[in-house]
Amino acid sequence: MDSFSNILSENPTYLIIAVVFSIVILFSLAKKLLKITLVALSVFILWTAYTVWTGQEISNDELKEKFLETGEKLKDSAIKKAQEKTKEELLKK
């Protein structure tokens, strides 16, 4: 790791490339997290609207349970997609 930091500190071109690459990765991650958050929020709003329109009572415990359940499903889906993309990339090499 010391040699990597030495290479970056000695060669400003490599440092610029590494910074740009890091920024691209961070924006990509932020974009995906935003999409996941928007999907979770949309599902939550639709579920709340459905329960209100059908006249069902919404208890805090039920609300918390459904929200956590939706979060777990989204997390599992994201992990599965990341694993599949990793396998695809490894198979390409």
Computed lengthening from Ile25 to Glu84, 0.36 nm per intervening residue step minus Cα-Cα distance: 19.4 nm
Per-residue [θ]222 nm for the chain (sum of -39500 (n - 2.57) over DSSP H runs n ≥ 4, rounded to 500): -32500 deg cm²/dmol
FRET efficiency estimate (nearest 0.05) - Cβ-Cβ, Asp76 to Thr54, R0 25 angstrom: 0.35
Set of lysines near Lys87 by C-alpha distance (under 23 Å), chain-local residues within fewer than 8 positions excluded: Lys31, Lys32, Lys35, Lys73, Lys75
Ranking of Tyr14, Tyr50 by count of other Cβ atoms within 10 Å, fewest first: Tyr50, Tyr14
Two-decimal log10 I(q)/I(0) for the chain, as the Debye equation yields it once each C-alpha is a single scatterer, q = 0.11 Å⁻¹: -0.58
Sites matching GluC sites (Glu not before Pro) across the chain that sit in DSSP coil, with at most 12 neighbouring C-beta atoms within 10 Å: Glu57
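Here, each number is a calculation from the coordinates, and none is a lab measurement. What you are looking at is a predicted structure, and each value in this text was computed from that prediction instead of being measured. Cβ: placed from backbone, ideal geometry, glycine included. Neighbour counts: every protein chain shown.
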